[in-house]
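Everything on this sheet refers to the single structure shown next.
Rule-based calculations on the coordinates, nothing more; no lab input. It should be emphasised that the depicted structure is a prediction, and the values quoted were computed from it without experimental measurement. Note: ideal-geometry Cβ built from the backbone for every residue, glycine included; neighbour counts use all protein chains shown.
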Ligand SMILES: [Mn+2]
């Protein structure tokens, strides 16, 4: 598609000597996979490359090659030799607004993304809303270059495609994503390893937490959806991790029969909010999330956050209740 844009990105990268790669603050397989895929390719063409991530790496992604290079110290932004910043799968550019101005020089920012809501905050924005994942976008760009793609790079990029399509099972799975995946496997990506780490590998306590979520399924009138809730106390009881909880909405969406168009998982968070994760087979949940709670995301996968709230059971249904601010 946008070959001029790809050329511009290639030009920026070719000129740069010391590149800083950034993941999104919502860590998932796509932001990790596309960032680490770029890391391998850029390091292989002789660039000095730093990778920064604002949040700890979930255990699920520790199998990705060379995640040991990921830094979490914001001092990396103070390095005066950095002459290019690239961010992957960050739909709003929010968290870097405070970090980029701390850099000693103003440097170009390239943004690779596939969120239709991306406000184009980069110097160059490679934003392709029809792409199944940002990893797809990065892959298309890399294919337009003559840089070599190692098995390690292929493994990272395929992880992004597989996780954003829940292993080719979601409606956003495009033929481009399938073609890309076949090519990445030919380049040495290990699909069984990706499946194992991302779709299975659940701890006993995580499965118990999932069981609880399934037991509580109810009809949510707010969104006319099938919903469930996870309380803070449940997470504590089962020592659930962020990963354990975040997988529930995708799993329910995949497992429920077609009568259930929209799935919502409500969960209480440590900061006294209620977070919602929505999945859909039809209705635009990004729009629903935005209208009701100021959330956002994609048409078929979106989320929202309701500050100062908790979950309460009322007559077999669950409701979000505001905590009075004192
Ligand atoms: Mn994505």
Along the Cα-to-C-beta direction of residue 98, a point sits 7 Å from the Cα; which residues of the stretch 20-54 have their amide N less than 18 Å from that point? 23-27, 52-54
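Which order results if 67, 51 are arranged by neighbouring Cβ count within 10 Å, fewest first?
67, 51
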Under a crude label model (7 Å from the Cα following the beta-carbon direction), how far is residue 281 from residue 237 in nanometres? 3.1
Under a crude label model (7 Å from the Cα following the beta-carbon direction), how far is residue 26 from residue 179 in nanometres? 2.8
Calculated diffusion of the stretch 35-146, Stokes-Einstein form, Kirkwood radius summed over Cα pairs, 20 °C and 1.002 mPa s, µm²/s: 143
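Give the calculated FRET efficiency between residue 145 and residue 72 to the nearest 0.05, with a Förster radius of 41 Å applied to their Cβ-Cβ distance.
0.90
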Acute angle (nearest 10 degrees) that the helix 29-44 long axis makes with the longest principal axis of the chain, alpha-carbon atoms: 10
Taking the Cβ of each residue in 244, 73, 89, 234 as the centre, tally the other Cβ atoms inside 10 Å and list the residues starting with the fewest. 73, 234, 244, 89
When the convex hull of the Cα atoms of the stretch 197-289 is projected onto a plane and the area is averaged over all directions, what value comes out in nm²? 6.2
Over all directions, average the projected area of the Cα convex hull of the stretch 3-199 and note it in nm². 9.8
Provide the gained length on full extension for the span residue 44 to residue 311, in nm with one decimal, where the gain is 0.36 nm per separating residue minus the Cα-Cα distance. 91.2 nm
Return one number: the angle in degrees, 0 to 90 and rounded to the nearest 10, between the long axis of the Cα atoms of helix 175-186 and the longest principal axis of the Cα atoms of the chain. 60
The stretch 204-321 - percent relative contact order, Cα under 8 Å, separation 6 or more: 21
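Quick one: order 90, 162 by neighbouring beta-carbon count within 10 Å, fewest to most. Before the final figure, lay out each step's value.
Details: 90 24, 162 28.
Ordered from fewest to most neighbouring Cβ atoms within 10 Å, 90, 162 come out as 90, 162.
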Gaussian network model of the chain, springs between alpha carbon atoms under 10 Å - residue of 158, 22, 256 with greatest fluctuation: 256
Residue 259 and residue 195 label points (each 7 Å along its Cα→Cβ direction) are spaced in nm at 3.1
So what is the 222 nm mean residue ellipticity for the chain from helices alone, if each DSSP H run of at least 4 adds -39500 (n - 2.57) and you divide by all residues, rounding to the nearest 500 deg cm²/dmol? -11000 deg cm²/dmol
Calculate the length of the line joining the C-alpha centroid of the stretch 266-310 to that of the stretch 43-99, in whole Å. 27
GNM, the chain, Cα, under 10 Å: largest mean-square fluctuation among 200, 120, 214? 200
Length added when fully stretched, residue 8-residue 217, from 0.36 nm per residue minus Cα-Cα: 70.3 nm
Between helix 242-255 and the chain, what is the angle of the helix's C-alpha long axis to the longest principal axis, kept within 0 to 90° and rounded to the nearest 10? 70
How do 310-321, 144-155 rank on mean C-beta neighbours within 10 Å, highest first? 144-155, 310-321
Taking 0.36 nm per intervening residue step and subtracting the Cα-Cα distance, what contour gain separates residue 79 from residue 55 on full extension? 6.6 nm
